Amino acid sequence: MAVIEAPPYEVQRPGRGGRRSFLGTPFDLLTPAMVLDLVANNHSGMAFRYVVTPNVDHVVRLQGNAQIRGYYQQAWLSVCDSRPIAGLARLLFLRLPVVTGSDLTASIFNSVIRDGDLITLIASDETVVRDIRLRYPKVRFRAHLPPQGLWTNEEALRACVDFAARAEARFVFIAIGSPQAEKIAYELSRHPEARGIGFCVGASLEFLVGTKRRAPLWMQHLGLEWLHRLVTDPKRLWRRYVHAVLPLASLFYNEVTGRGQRLGPY
């Protein structure tokens, strides 16, 4: 399942807002309300499409990696999940709406998903699947828990993609971390039988059921949610955050000096 450089299909993107490249990453200039409206009014029988929510970690990771970058370029929607990135964009007079995967997931479950809807969950934790089923007992869930090492396990990846494609669910929530989630979504978009909308949402399901706690609202509004996550899970996150600082600064410098991809139509 090697990823080819040329787009395997034409991505049908919404016309509102437009797509811009910032820090070498595609972003759709859509507000949370616009995204939710597009998701709610998308016909369930349409060919599969997916939403990615790049944050600082994602932006740094996809630089110099054409394979991962292709997953974001081919997404139906790519929205900013980082207030620090939005803050950097404002310094260059670009208004980049923040649409966090956690908020989007909660909004979809609370205002879009209806009783009886079929939803596919691709998760790494059986406890999260159990808790979601308990919280939304009138929603039909099909869940798949892929093994570790999915990135290099072609057989497991194919099994995951086939499972989601056969379900023909209204929505597919892929919550196993980046870039594995984006790889699954991309491969699903190439599957002729796949339907619905996929969301690469990281830990959003855990926040939804309360397994993990989000930062207080005041920290979210100040763009400090990353700090809250670091304090609550330092062993897992400190290396990721520290190693992202210099590459992010370099990307922004290139943006300012015109050495990166300039702001403009994507």
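When restricted to residues that are out of contact with any strand residue (DSSP E or B) (no Cβ under 8 Å at 6 or more places or on another chain) and either surrounded by 16 or more Cβ atoms within 10 Å (Cβ to Cβ) or of a type outside the set (D, E, K, R) (or both), the range 166-179 contains 2. Looking across the range 96-129 at every residue that is among the small types (Gly, Ala, Ser) and outside any helix (DSSP H, G or I), the one that is farthest from Ala33 (Cα to Cα) is identified as Ser124. Looking only at the range 37-54, count every residue that is surrounded by 13 or more Cβ atoms within 10 Å (Cβ to Cβ) and touching a residue at least 24 places away in the same chain (Cβ under 8 Å) and tell me the total. Residues that pass the stated criteria total 12.
Of all residues in the range 70-94, those being in a helix (DSSP H, G or I) and either of a type in the set (A, V, I, L, M) or free of Cβ contacts under 8 Å to residues at least 12 places away in the same chain (or both) number 6.
Restricting attention to the range 57-68, the residues that are touching a Gly at 6+ places or on another chain (Cβ under 8 Å) and either assigned to a helix (DSSP H, G or I) or within 27 Å of Pro192 (Cβ to Cβ) (or both) total 2.
Here no strands (runs of 3 or more DSSP E) wholly within the range 1-56 include at least 2 residues being touching a Phe, Trp or Tyr at 6+ places or on another chain (Cβ under 6 Å) and at pLDDT below 90. Could you please find all residues in the range 173-187 being closer than 12 Å to Thr53 by Cα and in a helix (DSSP H, G or I)? Matches in the range 173-187: Ala181, Glu182.
Exactly one residue out of Asp57, Asp103 is surrounded by 18 or more Cβ atoms within 10 Å (Cβ to Cβ) and touching a Pro at 6+ places or on another chain (Cβ under 9 Å), and it is Asp103. Residues that are in contact (Cβ under 8 Å) with a residue 60 or more places away in the chain and in a loop (DSSP other than H, G, I, E, B) were ranked within the range 188-208; the one that is nearest to Thr100 (Cα to Cα) is Val201. Residue by residue through the range 130-156, note down the ones that are crowded, with 20+ Cβ neighbours inside 10 Å and part of a helix (DSSP H, G or I). The answer is Ile132, and nothing else. You will find that of Leu246, Leu227, Leu217, the residue that is at pLDDT below 60, surrounded by fewer than 16 Cβ atoms within 10 Å (Cβ to Cβ) and among the aliphatic types (A, V, I, L, M) is Leu227 and no other. Among the residues making up the range 63-117, those that are of a type in the set (Asp, Glu) and either under 29 Å from Val256 (Cβ atoms) or in contact with a Ser or Thr (Cβ under 9 Å, 6 or more places away or on another chain) (or both) are Asp81, Asp103, Asp117.
The values are calculated or read from the model by the stated rules, or taken from the named source; none is laboratory data. Note that this is a predicted model, so its numbers are computed, not measured. Here Cβ is always computed from backbone atoms with ideal geometry, including for glycine, and neighbour counts include all displayed protein chains.
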